[in-house]
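Here the structure comes first, spelled out in structure tokens, and everything after it is commentary.
The values are calculated or read from the model by the stated rules, or taken from the named source; none is laboratory data. Quick caveat, the model's predicted, so the values are computed rather than measured. Here the Cβ positions follow ideal geometry from the backbone for every residue, glycine too, while neighbour counts run over all protein chains shown. Note: accessible area is taken over every heavy atom of the protein model, side chains too, but ligands, DNA and RNA are not part of it. Shrake-Rupley method; radii C 1.70, N 1.55, O 1.52, S 1.80 Å.
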Amino acid sequence: MFKSFKRNFMKMFREFLVYHHSSLEFRAKIITLMISSNGEISECEKQKLKEIAYSIYADDEERAELLIGTVNEYHTKIITNNGLDFEHLIQLVARDVRQVKRFHKKIDIEMLLQLHYCICEEDEEEILFQNRILEFLQSLKDEYGKA
């Protein structure tokens, strides 16, 4: 019970309590782009999300769990149409990279490809859509990496 309370408390006040919260939230946004592209989170994506979070924050289990929670929060907002939709999330990612130049370094295409491999091979539309997301993120990385 205490762990659940602590997680909810951190989620509500992460802007004030979490060191470099904007970096964590940016990573959550780009991961959410990949996971939410088909409207649901598969078991494979849940497992890969956990692996990614713990590889990014290998020394900080609490921060890794906060990243997972933030991704789930963004995903829930998208699927319930609660103040965030997919196009808005794309715009937020582009705006964040424009405003904070170091964020282009946080776009790890190899990491995001792990989520891409969770798509069923027969779902050609989903594969194409995620490829476009990856191309968009790569273009942001290239454009702002040179600046």
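Percent relative contact order of the stretch 46-127, based on C-alpha pairs within less than 8 angstrom and at least six residues apart? Could you put the intermediate results ahead of the total?
Numbers: 34 pairs, mean separation 15.5, N = 82.
Contact order relative to length: 19 percent.
Given axes a ≥ b ≥ c from the Cα gyration tensor, I'd like to know whether the stretch 16-147 is rounded (a/c under 1.5), prolate (a/b larger than b/c) or oblate.
rounded
Averaged per residue, the stretch 51-98 has 51 square angstrom of accessible surface, using a 1.4 angstrom probe with ligands and nucleic acids left out.
Cβ under 10 Å from ILE107's Cβ, ILE107 left aside: what net charge do those residues give with Lys, Arg +1 and Asp, Glu -1? Let's see the in-between values first.
Working: positive: ARG27, LYS105, LYS106, LYS141; negative: ASP108, ASP142.
With Lys, Arg at +1 and Asp, Glu at -1, the net is +2.
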